[in-house]
Amino acid sequence: MIRTVNLDTNNQTEVTPTALKTLNLRNTWLELVETTKEEVECVSDKISVAQNFLDLPTSAGLVNLRLEDDFTVVNFVIIQDIIASKEVHPIVMILCKDFLVTVAKKPTNTLLIWLKKE
């Protein structure tokens, strides 16, 4: 699933790979959740970032930062309910000048709350 969140208006929309091709990404958050190969290829082409940067990390506790000329990639985990279930959810965050991309196994409501803080 590819979901867009307009960071100016907070409007959320689910988009298809076809619709993504013509979408203006300025001030947009692309949230990729349980994506198909086609969706990852389309996003990779749209944002001009190699597909391997859109892969979720396999380790459960490392934070990784990669600085490129046009974008930054941060791999980290969100720890949820650490005492009871010790669940961790890997996240990839790609920061660009005009937009943000996150990749996760399920929706990252924690990030949405964090982004809305003023």
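What follows draws every value from the coordinates through simple rules; no lab data is involved. If you're wondering where the values come from, they're calculated on a predicted model, not measured in any experiment. For neighbour counting, all protein chains shown are included, and Cβ atoms are generated from backbone atoms with ideal geometry for every residue, glycine included.
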* **In the range 17-63, the trypsin sites (Lys or Arg not before Pro) that fall in loop regions by DSSP, at most 14 other Cβ within 10 Å** => Lys21, Arg26
* Label Leu56 and Asn24 with points 7 Å out from Cα along Cα→Cβ: what is the distance between them in nm? -> 3.4
